[in-house]
Structures are given as structure tokens and as C-alpha cells.
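For reference, the structure is listed below as C-alpha cells.
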Amino acid sequence: MMSWAQGAIGIVKKNDQRTTHAFWGGEEDGLVSMKWKACYGLQRGWMRTGDLGVRHADGYIQVKDRLKDIIISGLENISTIEVESVVYSHPAVLESAVVGRPDEYWGETPCAFVQLKDGASADAEEIIGFCRARLPDFMVPKSVVFGELPKTSTGKMQKFVLRERAKAMGSLFMNGGGKMLEI
């Protein structure tokens with residue numbers, strides 16, 4: 001088994017139910033962390049959870065995002081959870097979800113789907129500016145779409161529907177490098 005360096009992002013795996021000890025925190029950065037046996041590499045009996053996480057010095061693993069939700073923009077891996085938490089902190093935002101939107105130049109760019117609070121108002125430029133002040137440039141959504149967000153009957157966000165919508169919107173890259181703002 002390869003060691004998982006402290007602070008490095010890795011694929012979270014577990015080998016059976018006994019390795020899951022406890023939930024921890026959950027309030028910090030809006031992320032849930034679980035104390036799992038830190039493992040990296042392919043071993044018999046290990047199950048991939050589908051999560052990417054960071055191992056901390058105290059042995060806890062902080063889940064950063066679902067592997068399938070990571071946006072790859074240029075050479076950067078973007079955690080949708082981190083971007084969503086910033087968008088969600090905007091005072092006018094009720095809910096948000098971020099997915100990758102195809103881009104001919106970057107591969108994918110962050111696309112934020114936003115539902116505003118009743119009576120609140122904000123436009124795409126305001127949301128993008130809010131994010132730009134709080135995130136590295138490569139993580140800032142390049143497009144913002146407003147409306148109700150699709151959910152299952154149990155209230156779980158249907159990101160696969162949003163990924164399809166973003167794909168149908170096409171690439172933002174146009175005319176030799178110009179970018180457009182999607183509303």
C-alpha cells in the first residue's frame with residue numbers, strides 16, 4: 001500500500017464497514033469529513049467511495065468532492081463543492097449547483113446554476129464578481145444560469161440533469177478567444 005501524504009488530495013477508499021469510525025465536524029467549509037483508514041493504491045478488498053479527500057495530520061479525511069463532479073479546466077482540478085459554497089454565501093442565493101460546461105479551449109469551465117431567494121435580485125455579473133473576490137480566477141464560474149434547480153423526490157440535487165443542460169449550452173470559447181457571459 002502506498003502512503004497518502006498529509007495535505008495531498010487522493011481517492012478515498014475503505015476496506016469494510018469497520019474502518020468507518022465517526023463523522024467529524026461538517027461545519028468547517030460546509031464539508032463533511034469522516035475518519036476513515038487512509039489508504040491509497042489498489043489492494044484486495046478495498047472499495048472506492050467515489051470521493052476525493054484530503055488527509056489531515058489527526059488522521060481525519062476531509063471529503064472535497066465527488067470524483068464525478070470534479071471540473072477539469074486547463075490543467076486545474078476544480079472542486080464543485082468549494083465553488084458552490086462561495087456562490088451559496090451570496091446574500092441573494094437560495095441554492096446553487098456548479099457543473100462543468102464544455103469549453104473548446106479549457107476543456108471545461110465552471111457553470112453555476114442558481115436559484116435566488118424570494119424577492120432577491122442578482123445578475124450573472126454580480127454573482128461572478130462576488131466569486132472573483134473570494135476564489136482563484138480559474139475557479140470562478142464563467143457562466144451563471146438562474147432558475148429552479150432539479151431535485152429528486154427526496155430533495156437530492158440532480159447534477160446529471162444540470163451537466164446535460166450545460167453540455168447543451170455548448171462552449172463559451174468563440175471567435176479566437178473572446179468570452180461571453182451567459183445569463
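The values are calculated or read from the model by the stated rules, or taken from the named source; none is laboratory data. Everything numeric here is computed off the predicted structure, so don't read it as measured data. Glycine gets a Cβ as well: all are built from the backbone with ideal geometry, and neighbour counts include every protein chain shown.
Answer yes if at least one residue in the stretch 152-164 is touching a Lys or Arg at 6+ places or on another chain (Cβ under 8 Å) and either within 24 Å of Q62 (Cα to Cα) or not in a strand (DSSP E or B) (or both), and no otherwise.
yes
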Subject >> Of the criteria (1) touching a Cys at 6+ places or on another chain (Cβ under 8 Å); (2) loosely packed, with under 14 Cβ neighbours inside 10 Å, which one D118 fails >> reply: (1)
Original post:
Out of (1) free of Cβ contacts under 8 Å to residues at least 60 places away in the same chain; (2) closer than 19 Å to L172 by Cα, what's the single condition that is false for M139?
Top reply: (1)
**OP:** Select the strands (runs of 3 or more DSSP E) contained entirely in the stretch 27-124, then report the ones holding at least 3 residues which are in contact with a strand residue (DSSP E or B) (Cβ under 8 Å, 6 or more places away or on another chain) and modelled with pLDDT of 95 or more.
**Re:** 93-103, 107-116
Subject >> Subset of the stretch 125-142 (residues that are within 19 Å of the chain's Cα centre (by Cα), farther than 15 Å from E84 by Cβ and assigned to a helix (DSSP H, G or I)) >> reply: G129, R132, D137, F138
**OP:** Give the residue, chosen from T154, T109, that is touching a residue at least 60 places away in the same chain (Cβ under 8 Å) and hydroxyl-bearing (S, T, Y).
**Re:** T109
**OP:** Determine whether E108 is within 14 Å of M169 (Cα to Cα), assigned by TED's automatic domain parsing to the domain that holds M157 and charged (D, E, K, R).
**Re:** yes
Original post:
Hey, V145 hits all of (1) part of a strand (DSSP E or B); (2) surrounded by 22 or more Cβ atoms within 10 Å (Cβ to Cβ) but one; which does it fall short on?
Top reply: (2)
